[in-house]
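Taking it in order: structure first as structure tokens, then the write-up.
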Amino acid sequence: MTSYIIRRLLYTIPIVFGVLLLTFVLFTLVGGDISIEIAGKGATQETIEEIREEYGLNKPLFLAWDSQFINHFKSALTFDFGRARDREPIIGKIKRGVGPSLALTVPMFFGIVIISVSLALVVASVRGSIWDILAVFICVAGMSIPYLSFILFGQYFLAYKWGLFPVFFSPDLTMAQYVALPVLIGIAAGLGGNLRFYRTVMLDEMRSDYVRTAFAKGLDTKRVLFKHVLKNAMVPIITRVVLAIPFLFLGSLLLERFFGIPGLGYLMIEAISSRDYFVINAMTYISAILFVVFNLITDICYSLVDPRISLE
Amino acid sequence: MSDSENITRTHLPKGRSLWRDGLRRLRKRKFAMVCFVVVLIYFSLAAFIYLAEFFDWRIGPTLWAEQVGPSYAPPSSVNYLGTDIFGQSVCRKTLYGTKISITVALCASFISIAIGVPLGAIAGYFRGVVDEIIVWIYSTLSSIPYILLILAFAVVLRDKTIFGYKITGITAVYLAIGLTSWVGICRLIRGEVIKHKGREYILAAISYGCSERRIIFKHLIPNVFHLIIIDFSLRFVAFIHAEVILSFLGLGEADRPSWGAMINDARIELSRGVWWQMAAATAAIFFISLALNIFGDALRDSLDPKLRIQ
Amino acid sequence: MFIMKRKGKKLLVIALIAITFTLSGCNSSPSEEDSDEMVLRHVLFTKIKGLDPGNVRDVYSNTVTSQICETLYQYHFLKRPYEIVPLLAEGMPQISDDFLTYTIKIKKGVRFQDDKCFPGGRGRELKAEDFIFAIKRTANIKYLSQNWSMFDGKIAGLDEFRRITKGCESEEDVDYSREVEGLTASDEHTLVIKLKKPWPQLVGTALADIATAPIAKEAVYSYGRDIVSHPVGTGPFILKEWRRGSYVELIRNPNFRGEPYPSEGGPGDAKAGYLDDAGRIMPFADRIVWTVIEEYQPAWLLFLQGKVDNSPIPKDNYNEAITETRELTPAMKQRNIRLEKFSDPSTFWLGFNMQDSVLGKNKPLRRAISYAIDREEFIEIFFNGRHLVAHGIIPPLMDSYDPNIKEKGYARYDPEKGRELLKEAEKINGGQLPVLKMAVPGTDSFYRQFGQFLKRHLTAIGVNVDVEYMDWPTYMEKVNTRSVQMFCSGVRASIPDAEDFLGMFYSKYWAPGSNRFNYLNPEFDKLYEKIEVMFDSPERRELYRKMELIVLEDCPAAFLNHRVVFALHHDWYKNYKPHAFAYGMSKYRRIDMKKRAEYKDLLKKIK
């Protein structure tokens, strides 16, 4: 087991390196020179040169010990992300944003998982019936509506017109208040795809031999579902659930943007539009690390849940 | 009975290829065929608009910039879907938006298939170092959240000049989407190729000295082609939605009406009570997505060899 | 195992909800209903970038920082036409006969706010040295201040100082005690500034600008880079909390020396109630809170609910608030909301790059484009018809504004004339005109519609345009590298003098300077160098108008509009007289606590 873990950890190194390389290439090589923009209006060539030195932009790109890429690499590994364009330490920004983001995504996540798994069980038990077909249709319909429309309609009707929720984030609201509507919308929008997936998983299981045997033995549907199908369907379910966790940290980019929730997603969108590469690099790196870590956890969970899966 | 009669009466059943069989099963599902027709309608509309623009016909959608009524007029018998801020017809804008969305989704699909399929096949077939590298590339790409990746690419690619060709807004969009979405199909193809590689017919081909290129292109890819088709139909919807999000974030086609831009405008308009632009764009996206989803599902079921009825 | 999983999930959910609620409780913020505290509440529409006076450039950061840090001089709050009066200075400066030396006496007994950077925590007395430090700091190239362009080439010895700082390792290594000839203190409370050539705008531009506000040296040294969030000034308010991206909170500075509310004002001020607090010691408010809300809709809702004291009118709620006759609607009057209209000293235009091969040499083309735009319709659609059409560069607020400017220039809507001129333009171009490119600095809804509007009008007279929507950084880069053909831009005056506006056409200020048009006219340049060193006088004003006419003739831009602001405020928000140039206005404001408390009941009655 330990050797497996070590091997997997080793494998994450090239991935992390790959992510760092990608962000570097994207934002430094292709992204262009931001020093002119930092310098502001009426800046002389001198000031622009100063800025380049300050931000290390005048160093060679790759082939030196002190190159930009090495520095990029170093700062990532030591988690020293430096300061953003507005001089605030990036760690500070991240710390501030994590709370609101998690307050949004975690309830949404739980809501979606619990509701869709439960509903999938229900739908699987009535498979083939009119309810099943209706459920599938509703799911597909839900998946066909653009995410943005969900948000806009939700915001317009539930908040603006009927005043059930606050329209927008405001510092004097409690977290529960300003997160409620976005969470609801997020769950509504995410149910369709998830329910369909879990239903498919359940149905696939139900087609297998052992289930047919169970039915032949005379067990009723409910018992079959809960005792056998659910357990075996756990593998794909867990995969999906655990792999979704790293993305919880980034918040929901769209929901945060719309409702003004000051989380990491909002931070990302701002950083992208203001070309704040320092922030973008830091956040991308962190999410990649999280992703890689959770992949490892998933694989370990696999082995725990299903002894048939060898740790190769 | 004579021997000749026996011989003429026994004949081998006609072999049914996966495609023939699939098509037959598909045609049986009436609802799916209706959806296919809907999809065709959208595509034809887009093609029609291209033609109209090329030949400079002045009808309907190409005249979206014409002022047909006062600013923000609600839907009426004159303007079925109302007007926007400049008095332009929302109906025409929605129809025009079809061209943009279909183009983006099509281009992005081609790019992602053009990258994903060859890479997946090569990785699956040759294994070894080549495989490791390709897997490394797509693992790296998939560890970054999708929206983030697309956003980052779109922002960075904008206004850049590559090989003398300037990348405009909408081109950046489908380049960004295409360059980041090939991972799924690549994985799929790679998995299938690995599976097929061990099959007898491939081993046979290798044994009689078939060149690798021939094996990949004449044997393997045709056998996984149905997966490509299925992936294409399901991805298409995702690409349309991605264009909407990118337009909303200000990265899409800014000069011409697109569904994403209409929804973006709607954000402010809704507070004024102007709901028709939003409704029109959402409906347009909804129907194509629904149709493609259902058709794609049906396609998948029809082409699934496990479900073949013998 | 399965049962545990189910239960486990349930427990997790409960735990999570519990955590969320407790977390929400921890999310403290400036509380709503406060007892007797007088609190001013405003909205910021973008995040502020920092509170370090030496490097503040954007409007919102300036708004907040100006309450904490004061300058030598300020614009009189009430008097119109705008007048400079001393704030931290003892009186107006003594100017030498050759206009090169300014001797300014600093008020005695002014103290910095208490802060832990001072020994014993007690703020020390303000000295002339502090102003010298502030200006030297701007010159420090390592500090990367955006305000340096204000002083470039103006003060004796300062440019050399800047050159020396180039050789330093970092910002902290710079030796500020190094002598600069043009900045000396003849005694603890007397500042002497020596200029290289006459600079009539010194007092109005530099000494009233937040860039020269003194900041305690001790604070700069002890906080280093974090000075952006720890300003230490002499002003009536001090920073309590800046929660980035959320809100900024200031509280009254207990050691403020106290300034009396002005007893004189402009015409009509007494009647309007602006002199009711004459002579009383300021500031009146105990706290100020600015909430960051980046969308107009929610901010508007907060204003209607009474949670915010004042608000601009979002374009889409205009009809809710203002009638056809430009007055308040009954809905607003019911809420006792007041309207202030004022003319903003700004001009917006569609500019042409005069160095562009197609546009630069083709005057008929530029004029044609100018004739093609229906400015009235533009203002009607985008600005609810509030703004004024811009016929020239100089906005109406300036006294150099020519009331007859309407007859001159090419800002009329005349598509017929435009088409005629276009024929001439084609001849000059030697054939059909190519597709022109227009750069628009934004990709959101407003800019998209803006671009489309201009495109429609230009296409109508036969000019084909390709509109490029870019985000701000890309736009700035293009403009600064002179690679645009047409661009949308505008400027707002920061002093009641049109010199900055005219400076935009001075050839030495070509991009990346303020002359984004890359306009070159030797006659204009000569006149500009002349007025640069002239003090305000009727001759100077005449010269301004002459220069404006020269520019109009050459048509380097299609001028569009001058802004007119309609601002609403609740009737409990007193002493709100819109000021076009000054920022440190919060000290004048007062809340009528009784009226504010009654607003809730008022709202209930309306419903």
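The table below gives the values:
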read-out	value
Value of relative contact order over region B:221-310, rounded to a whole percent, pairs C-alpha under 8 Å and six or more apart	30 percent
Enclosed volume per residue, in Å³, of the convex hull spanned by Cα atoms of region C:500-542	68 Å³
Set C:LYS49/C:LYS196; C:LYS341/C:LYS406; C:LYS455/C:LYS526 screened for pairs whose C-alpha atoms are more than 27 Å apart	C:LYS49/C:LYS196; C:LYS455/C:LYS526
For region A:97-164, Kirkwood radius (reciprocal of mean inverse C-alpha pair distance, Å)	14.4 Å
Cα gyration tensor, region A:225-284 - rounded (a/c under 1.5), prolate or oblate	prolate
For chain B, with +1 on Lys and Arg beta carbons and -1 on Asp and Glu, the positive-most of B:TYR50, B:ILE100, B:ILE194 along the dipole	B:ILE194
Accessible surface, 1.4 Å probe, highest first, among residues C:ARG335, C:ARG326	C:ARG326, C:ARG335
Sequence of C:ASP152, C:ASP309, B:ASP231 from largest to smallest accessible area, 1.4 Å probe	C:ASP152, B:ASP231, C:ASP309
Chain B, relative contact order in percent, only Cα pairs under 8 angstrom and at least six apart counted	24 percent
Accessible area that becomes buried as C packs against A, both chains, 1.4 Å probe, Å², nearest 100	4500 Å²
Two-decimal Rg to Rh for chain C - Kirkwood Rh, Cα set	1.00
Prolate/oblate/rounded label for region C:206-336 (Cα gyration tensor, a/c 1.5)	oblate
Per-q log10 I(q)/I(0), region B:38-145, q = 0.11 Å⁻¹ (Debye; single scatterer per alpha-carbon; no solvent)	-0.57
Sequence-separation-based contact order of chain A, relative, with Cα cut under 8 Å and 6+ spacing, percent	25 percent
Total charge dipole magnitude, region B:36-139, about the Cα centre, Cβ charges on Lys, Arg, Asp, Glu only, Debye to nearest 20	160 debye
For region C:343-490, size of Cβ-based charge dipole, Lys and Arg +1, Asp and Glu -1, in debye	460 debye
Chain B - accessible surface per residue (Å², probe 1.4 Å)	47 Å²
Bridge type composition, the protein assembly as shown - antiparallel percent by DSSP, nearest 5	80 percent
Evaluated at q = 0.04 Å⁻¹: base-10 log I(q)/I(0), Debye formula over Cα of the protein assembly as shown	-0.27
5 angstrom amide H check on C:THR190, placed H, neighbours 5+ away	C:ILE106, C:ALA128
Proximal lysine pairs, chain B, alpha carbons under 22 Å, eight or more residues apart or interchain	9
Residue order for C:ARG545, C:ARG57 - accessible surface, 1.4 angstrom probe, largest first	C:ARG57, C:ARG545
Proximal lysines relative to C:LYS427, as straight alpha-carbon distance under 22 Å, when same-chain residues fewer than 8 apart are discounted	C:LYS361, C:LYS363, C:LYS417, C:LYS437
Unit charges on C-beta of K, R, D, E only; dipole of the protein assembly as shown, Debye	5200 debye
Charge-dipole axis of the protein assembly as shown as Lys and Arg at +1 and Asp and Glu at -1 on Cβ define it, positive-most pick from A:TYR266, B:GLN88, A:LEU104	A:LEU104
Per-residue HN-Hα couplings for region A:92-109 [Karplus 6.51, -1.76, 1.60; θ = phi - 60°; Hz; x = Gly/Pro]	x, 4, 5, 4, 5, x, 4, x, x, 4, 5, 4, 8, 7, 5, x, 5, 4
Quotient of C-alpha Rg and 2.2 N^0.38 Å, computed over region C:467-607	1.52
Over chain A: helical MRE at 222 nm, DSSP H runs n ≥ 4 each giving -39500 (n - 2.57), nearest 500	-22000 deg cm²/dmol
Qualifying lysines (Cα of each under 18 Å from Cα of C:LYS605; at least 8 residues distant if same chain)	C:LYS307, C:LYS333, C:LYS594, C:LYS595
Calculated [θ] (222 nm, deg cm²/dmol) that DSSP helices of n ≥ 4 give over chain C, each run adding -39,500 (n - 2.57)	-9500 deg cm²/dmol
Gyration tensor (alpha-carbon) shape descriptor, region A:254-298, a/c threshold 1.5	oblate
Rule-of-thumb Rg ratio for region C:37-165 [Cα; 2.2 N^0.38 Å; N residues]	1.22
Packing-based ranking, highest mean first, of B:235-246, C:383-394 given that Cβ atoms within 10 Å are counted	B:235-246, C:383-394
Average beta-carbon neighbours from other chains, 10 Å sphere, peptide C:442-449	6
Dipole of region C:155-195, positive direction: furthest Cα of C:ALA185, C:ALA156, C:VAL174, with charges on the beta-carbon	C:ALA156
Reach of C:LYS107 by Cα under 20 Å, taken over lysines that are not fewer than 8 positions away in the same chain	C:LYS127, C:LYS217, C:LYS587
Per-bin percent of Cα-Cα distances, region A:147-303 [10 Å]	9, 26, 27, 22, 12, 4, 0
Of A:LYS74/C:LYS166; C:LYS136/C:LYS546; C:LYS478/C:LYS546, those spanning more than 29 Å from alpha-carbon to alpha-carbon	C:LYS136/C:LYS546; C:LYS478/C:LYS546
Along principal axes, Cα extents of chain A, largest first, whole Å	85, 59, 30
Expected 222 nm ellipticity per residue - DSSP helices of 4 or more, -39500 (n - 2.57), all of chain B, to 500	-22500 deg cm²/dmol
Cα principal axis extents for region C:278-414, largest first, Å	59, 37, 30
Against the rule of thumb 2.2 N^0.38 Å, how large the Cα Rg of chain B comes out	1.24
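The values are calculated or read from the model by the stated rules, or taken from the named source; none is laboratory data. Keep in mind that this is a model prediction, so the values were computed, not measured. Positions of Cβ are generated from backbone atoms using ideal geometry, with glycine treated the same way; all protein chains shown enter the neighbour counts. Side chains included, ligands, DNA and RNA excluded: accessible areas come from the protein's heavy atoms. Shrake-Rupley method; radii C 1.70, N 1.55, O 1.52, S 1.80 Å.
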